[in-house]
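Worksheet: one structure, shown below.
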Amino acid sequence: MSKLKLIILILTAVFFNNTNIMAQDHRFDPPWNTPPDAKVQFTIPGIDNIPDIYGDINDPQLVVFFAGNQFMVIDDLMKSFKLKYPQYTRVFAETLPPGILAKQIEAGSIVIGNMRITLKPDVYTAGKSRIDESKDWFSRIELYAKNKLAIMTRKGNPKQVNKLADLGRSDVRVSMPNPEWEGIGKRIEEAYRKTGGEALRNTIMETKVKDSTTYLTQIHHRQTPMRILYEQSDAGPVWYSEVHYQKMIGHPIEYIEIPENENIKAQYYAGQLKKAPHPKAAKDFMDFLVSKEARAIYSKYGFELP
């Protein structure tokens, strides 16, 4: 082979290699839900997809702020609600971390990209501790679902993560919810302490954060599966329903069970706001959340029932 041909081959290989590195892979990007019917659909993966905003933002008849890790139930839940209460055709929902939703309620608005949302919720759902912190906001509170922790890995579990303690290994890149605004983060820290004491918690949440082998998410129910699917992280502690859903939609995800003595249970509560803009709709939705129809939907997506 001539020297010129060799140089051309090397340059071609470098070009294609760099092109592949730079090209963004969007095959696992949300939204994973089914969008509403519309004559104009303009969802661009990785650019314009807004996966945690649902339904009718203009003149809604009901506004619900859901703790984000319930995003997978939204399609079935809202369809079933509208069948049972056909008077409500315009419903708006958000599925952001409950701490962010609480800040949105307090501030009166939120900005996502260039969009400012000033809608006030009729119903807010979150874990027990978050609801307890804000109990003066509500005229009615209902327990409607439960959950447990699991470990999410890529299919085949390449790093052989078999228990919570393995997340402390230096070779395991962890995707971890930020406890500052994601309630699950604090619950996972409890599980670390149950498993390996303060030493395990400090290793994962301090040492590994400093050396970047623990990545703290802003919105774990999107970032953790995406980081694992795109091989940016090796494992992440999540609620069981999140692993269950990723497997339901055919993503190459694996579920690692956490034993009962190391696990943490979550309780999901809904609060009807005293200042709900649509009090009758709020009452109807609260009734619906504890109905047999809603319970069946939550069970389908891997949640436990009260």
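Summary table below
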{"quantity": "Long-range amide H partners of residue 258 with built H, under 5 Å", "calculated": "151"}
{"quantity": "Derived scalar couplings ³J(HN,Hα) [region 205-214; Karplus, 6.51 cos²θ - 1.76 cosθ + 1.60; whole Hz; x for Gly, Pro]", "calculated": "9, 10, 4, 6, 5, 5, 8, 6, 8, 10"}
{"quantity": "Rg(Cα)/(2.2 N^0.38 Å) for region 204-282, N = residue count", "calculated": "1.47"}
{"quantity": "Candidates 267, 41, 160, ranked by Gaussian network fluctuation over the chain, Cα under 10 Å, top entry", "calculated": "41"}
{"quantity": "Hull shadow area, averaged, region 64-158 [alpha-carbon convex hull, nm²]", "calculated": "8.9 nm²"}
{"quantity": "Debye, to nearest 20: dipole size of the chain, +1 on Lys, Arg Cβ, -1 on Asp, Glu Cβ", "calculated": "180 debye"}
{"quantity": "Equivalent ellipsoid semi-axes - Cα gyration tensor, region 110-269, angstrom", "calculated": "27, 18, 16"}
{"quantity": "Structure-derived volume of the Cα convex hull per residue in Å³: which label, when the choices are (i) 170; (ii) 156; (iii) 258", "calculated": "(i)"}
{"quantity": "Overall Cα dimensions of region 233-277, principal axis frame, Å, largest first", "calculated": "43, 30, 19"}
{"quantity": "Helix-only [θ]222 nm of the chain, DSSP H runs n ≥ 4, -39500 (n - 2.57) each, per residue, nearest 500", "calculated": "-10500 deg cm²/dmol"}
{"quantity": "In sequence order, calculated HN-Hα J values of region 43-60 (Karplus, 6.51, -1.76, 1.60; Hz; x Gly/Pro)", "calculated": "9, 10, x, x, 10, 10, 10, 6, x, 9, 10, 10, x, 9, 7, 9, 6, x"}
{"quantity": "Dipole of the chain, positive direction: furthest Cα of 104, 252, 168, with charges on the beta-carbon", "calculated": "252"}
{"quantity": "Fraction of the pair-distance distribution of region 189-244 above 14 Å, Cα-Cα pairs, percent", "calculated": "59 percent"}
{"quantity": "Under-5 Å amide H pairs with residue 217, H placed in peptide plane, nonlocal only", "calculated": "176, 178"}
{"quantity": "Fraction of antiparallel bridges per DSSP, the chain only, in percent to nearest 5", "calculated": "70 percent"}
{"quantity": "Largest-first principal axis extents of the Cα set of region 32-71 (Å)", "calculated": "26, 25, 15"}
{"quantity": "Over 28 Å (Cα to Cα) - which of 135/265; 39/300; 135/247; 79/194; 39/146 fall in this group", "calculated": "39/300; 135/247; 79/194; 39/146"}
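Readers should treat all values here as calculations from the given coordinates under stated rules, not as data from a laboratory. Worth saying up front: this structure is predicted, and the values here are computed from it rather than measured. Reconstructed Cβ throughout: ideal geometry from the backbone, glycine too, with neighbour counts over all protein chains shown.
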